[in-house]
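Enquirer: Shown below is the structure under consideration.
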Amino acid sequence: MRTPTLPPNQVAFRVPPNINKLDIRDYLFHVYKLKVVDVRTMNYGAKRPIKKSDGILRGKFTSKYKKAIVTLAEDFAYPPPPDKSELEHYSNRAEIDRLRFRRLAGWK
């Protein structure tokens, strides 16, 4: 998660609720070779749609998640966002995947 309000040595992540602080620290060290000083987590519950007076649910279900704010030993710089012209060939791939899923939607 890109959070401009955090200092440069802190990074925010959105992780599954079953991941603990030690798992986050271990993952960042072994995969990315980052020295982690501190990990703080906050749990967020699921949001349910609102039932209107006509009995129809409005909105979307959202699953629960955990937000982790990690303090690193060194400053972290986000990579630049990708250029849209580099991603044009992926848009066609997404359409192919959508059609393939639609064909197989009835199979269980």
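The values are calculated or read from the model by the stated rules, or taken from the named source; none is laboratory data. From a predicted model like this one, the values you see are computed outputs, not experimental measurements. Because the Cβ atoms are built from the backbone with ideal geometry, glycine has one as well, and the counts that use them run over all protein chains shown. What goes into the accessible areas is simple: the full protein's heavy atoms, side chains included, and nothing from ligands, DNA or RNA. Shrake-Rupley method; radii C 1.70, N 1.55, O 1.52, S 1.80 Å.
Enquirer: Stretched out fully, how many nm does the piece from Lys33 to Arg2 gain, at 0.36 nm a residue minus the Cα gap?
Expert: 9.1 nm
Enquirer: What's the local net charge at Pro8, with K and R +1, D and E -1, over the other residues with C-beta under 12 Å away?
Expert: -2
Enquirer: Are there chymotrypsin sites (Phe, Trp or Tyr not before Pro) in segment 13-81 that DSSP puts in a loop and that have at most 11 other Cβ atoms within 10 Å, and which ones?
Expert: Hits after loop and neighbour filter: Phe61.
Enquirer: Here is a further query. Which distance in nm do the two modelled labels at Lys67 and Lys51 give, with both placed 7 Å along the Cα-to-Cβ direction?
Expert: In this crude spin-label approximation the distance works out to 2.9 nm.
Enquirer: What is the sum of charges, Lys and Arg at +1 and Asp and Glu at -1, for the other residues whose Cβ falls under 15 Å from the Cβ of Asn18?
Expert: Result for the neighbourhood of Asn18: +3.
Enquirer: Only loop residues by DSSP count here, and only those with at most 15 other Cβ atoms within 10 Å; note down the GluC sites (Glu not before Pro) in segment 1-92 that meet that.
Expert: Sites meeting the loop and neighbour criteria: Glu74.
Enquirer: Sort Ile24, Ile19 by heavy-atom solvent-accessible area, probe 1.4 angstrom, most to least. All intermediate terms of the calculation are to be shown ahead of the outcome.
Expert: Details: Ile24 15, Ile19 50 Å².
Solvent-accessible surface, decreasing: Ile19, Ile24.
Enquirer: How much FRET efficiency would the formula 1/(1 + (r/R0)^6) give for Arg40 and Ser85, where r is the Cβ-Cβ distance and R0 is 35 Å, rounded to 0.05?
Expert: After rounding to 0.05, the efficiency reads 0.35.
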